[in-house]
Each structure stands twice: as structure tokens, then as C-alpha cells.
Amino acid sequence: MSAAPLIGLGGAALVAIGLYGLIVGSDGLKRVLAFNILGGGMFLVFGAVARRGADGGFGGDPVPHALVITGIVVAFSATALAVALLNRLAAASAEEGKAPSDTPGGPS
Amino acid sequence: MSLFFDAALILLAIVVALKVVTGRDPLTDVIAFIAYGIVLTLVWVRLAAVDVALTEVAVGSGATGLVLLRAAGAAATAKQEARPGRVTKGLAALVSLVVFLLLAAAVLAWPKPQPSLALAVAEHLPATGLGNPITGVLIVFRALDTLLETVVLLLALVGIWALAPDRTGARAWSGTPAPLSGMTPSGAQVLLAQLLLPVGLLVTVYQFWAGANVPAGAFQGGAVLGAMWVLLLLARLAPLPRLEQPGLAVLVLAGPFAFLATGLAGWVWAGGFLDYPEGIEKPVIIVVEAAIVVSIGVTLGLLVLGPAGPQAADRPGADAS
């Protein structure tokens, strides 16, 4: 067995772990982390395919490599947006939680 | 022997991924995720995909990790939703197992020979004047993907800036983001920033320049540039950016618009969108890539910084600049 199928199987396992975490995650950050693990595993499966397609003097098929590079940058953009949403949500629920409890406590 | 090494790497990635998914402390989970990215980087090197490895370590592990680290503090204070019960966990495990088996079957039942575009790339690469096939695919053969990728970064930035809390009397998309760290930087941090900055800038220029022929490129270089900016901000050697500065918008838009302008000019000088003029492909590509490096660096930094904080409007003289 060469490296490509082994890494492909590993990528499949990482996809499964990420999917599990995405479903059972108990907060937003956990789900974002799990989604990124899933994505990393999927990229590896694609990378293993690219390795098998090595030809023309290259170590792998360059087209999947370029697609994965694009994918990593897009995944980062989505993660940054998701994190900004989470931070805003946390700030909004903190304000919401503060407003009623401040009333008996006097000036804050 | 190398197979043993690959197996150990994959096993390490799986263990770290399990740690991220099952951990209970947000900060530890995020640090484990950064480690996961670094392990994946080594796996990409083993797959002979050094360009991908550089992107993974810079963007997938570094920049993503930094963004997540900023969220870890907020997640710790956020109220927890109810943890899923045993039935949900069992079903989730079952679904994941089925997905794994399907993917594994797909991996083991690969077509022979593997369909590949490597020969087509090798055949047409000399026409681009580039030596690195992946840069060739990114900037020439599938330039539309890369153009839209820079637009996706812009869209994410617009989305994040739109999340700034409302401030009375302030212009939209103005003010400064919250500082990266509430702590005063230590002497060691400042020294690190001062020492690393010239090295980082050199690495940026090298990645951009060498990316034409060896593994590296505009995105990796841009990520290093963004990291240098964040390092300066952490050490408080550079002021936080004011989002309404016109110069900032120019830096952010330079890459996508230079790319788009070249694409449109392609109709005039080569007869098609995103076609490069024959004979001077290389100089045109270098100009576009240089603009992309700067834009990627600034955009990544701004994505890490997040939306304008609420404190900016209260500061005296916040409207004058």
C-alpha cells in the first residue's frame, strides 16, 4: 500500500470526526471547529486523488492542488465571518442578560 | 519506513481532531485545532503538495487559529446549550460511520488509471512563462476561480464590518476594531515584532517572486504580510487601523480590481476574458500578483481584527481624521 490510499482513508476518518463534532457540538465555536476539521479531511481525500494523478513530471495533479488552496482561503473567510457572528451574538446576549438584573442593583 | 511515518502522521491528525471535538475548554480546543493544522501541513508535504502545505500552515492553521483564539474568550462566557443526549450522540456516530465507510469505499475503489489534468498542465505551462504548475493553474488556467476567491475575501470583510454594533452619530464602517489583546505588550513581544518584521517582509517578497517557479505564491506571501501586520499591532508598534480611511479601501480593493481590470483588458489584447497578451504574460502576471499580495495581507489582517468596536465613538475627536 502506498501513501495515497492511506492518507485518503485518514482524510475520510477526519471527515467523519468533523461531522460527528458538528452534530453533537454544544456551542457555536465547537461547531465551527468541527466544520474546519471536516473540511481539512475532505481536502486530504482530494489531495490523495491528486497524488495518484501525478504525471508530466509533477508530484501530483496541480489542478486539485490549486482548488484546495482556493478552498483553504474560502474556508478561512467563512470561519472569520462565523466567528464575527458568534462574537456579536455573545455581546448581544450579554447586553440582554445585563439589562433586567441591573434594575434592582442600582446604578452600574 | 516512510509508510510507517505516514501512518503515524495520520494517526496523530486523528487523535488531535478527536481532542478538538471532545474537549471541554474552548481555549484548549482552539490550540488543539492549530496543532491539527500543523499536522495536516506535514501530511500535505508527504503528498508532494508543498504549495498546499504552505497555504495550510499560513491560512488554515495560522490565520484561522488566530481568528478562533479571539472567539475562544467570548465562547467561555457564552451560555452553553444543553449537551446532546445519548441517543443523539449514538445517531451522530452512526451517521459519521456511514459517511466514513462511503468515503473509504470511494478511496479504495479508485479508477485506474486516475483521471488527471497533469499532462495538460505540463503541455501548456511553457506558454504562461511560469515554472510552478500550481501558480499557472491559479493565475492562468483557472484564473476565474482565483478572481472570485479574492472577491469571497472581500465579501467576508463586508459581512464582518456589517456586524459592528450601532453607534449613534457615527458613520457606518468607521472607527477602529477592538485591540487584539487587552494586555500591555511585554518587552519580549516588542523585540520579537522588531526582529521578525524585516524577515517577514523578505519572506513575503520571496514567496511572491519565487512562486512563479517554485512552490510558494501570492496567497502564501499575502498571509505572511498579514501576519507581520498583526504582530506589529500586538506589540503596539502600529496604530489600529481606522476603517473609514480611504487608503485602507485602496489597499483592500487593489488586488481584486487589478485582477478584474486585467481580465477585462484580456478582451482587447487577447480576445477573451482573463486572457493574457502573448509575449508579455509574465510581466502582467507579476503586476497582478503584487496587487493581490498586498490586498490579501491587508484583508487577512482586517478579518482577524473584526468589526469596529463600540468604544470608538465615545473617544473625543473620533470624527476628525
Next item on the list: Please identify the longest segment of chain B free of exposed GluC sites (Glu not before Pro), where exposed means a DSSP state other than H, G, I, E or B and no more than 12 other Cβ atoms within 10 Å.
Entry: B:82-277
Note to self: Taking all protein chains in place and a 1.4 Å probe, what share, in percent, of the accessible surface of region B:1-89 do carbon and sulfur account for?
What the structure shows: 71
Notebook entry, point to check: Among B:Gly85, B:Ala178, B:Thr128, whose Cα sits farthest toward the positive end of the charge dipole of chain B (+1 at Cβ of Lys/Arg, -1 at Cβ of Asp/Glu, about the Cα centre)?
Noted result: B:Gly85
Notebook entry, point to check: In percent, what relative contact order does chain B have, based on Cα pairs under 8 Å that are 6 or more apart in sequence?
Noted result: 20
Note to self: Leaving out ligands and nucleic acids, and using a 1.4 Å probe, what accessible area per residue does region A:20-69 come to in Å²?
What the structure shows: 29
Next item on the list: List the accessible area buried at the contact between B and A, summed over both sides and calculated with a 1.4 Å probe, in Å² to the nearest 100.
Entry: 6900
Note to self: Skipping prolines and chain starts, which residues have an amide H placed within reach, meaning under 5 Å, of the one on B:Ala308, given they are 5 or more residues away or on another chain?
What the structure shows: B:Ala164
Margin query: Please list, in order along region B:264-281, the HN-Hα scalar couplings obtained from phi with the Karplus expression 6.51 cos²θ - 1.76 cosθ + 1.60 (θ = phi - 60°), rounded to whole Hz, x for Gly and Pro.
Written below: 5, 4, x, 5, 6, 9, 9, x, x, 4, 6, 8, 9, x, 5, x, 10, 4
Next item on the list: Partner chain Cβ atoms within 10 Å, averaged over the residues of B:301-307 - can you pull that number for me?
Entry: 3
Notebook entry, point to check: What's the center-to-center distance, using Cα atoms, between region B:139-171 and region B:270-296 in Å?
Noted result: 22
Next item on the list: Express in whole angstrom the spacing between the alpha-carbon centres of region B:44-68 and region A:1-60.
Entry: 13
Next item on the list: Could you provide, to the nearest whole Å², the per residue accessible area of region B:168-293 with probe 1.4 Å?
Entry: 51
Next item on the list: Arrange the residues B:Met183, B:Met228 by how much accessible surface each exposes, largest first, with a 1.4 angstrom probe.
Entry: B:Met183, B:Met228
Notebook entry, point to check: In percent, how large is the relative contact order of region B:151-276, given Cα pairs closer than 8 Å and 6 or more residues apart?
Noted result: 24
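The values are calculated or read from the model by the stated rules, or taken from the named source; none is laboratory data. Bear in mind the structure is a predicted one, so any value in this text is a computation, not a measurement. Note that we place each Cβ from the backbone using ideal geometry, even for glycine, and neighbour counts take in every protein chain shown. Ligands, DNA and RNA are stripped out before the accessible areas are found, and what is left, the full protein with its side chains, is counted by its heavy atoms. Shrake-Rupley method; radii C 1.70, N 1.55, O 1.52, S 1.80 Å.
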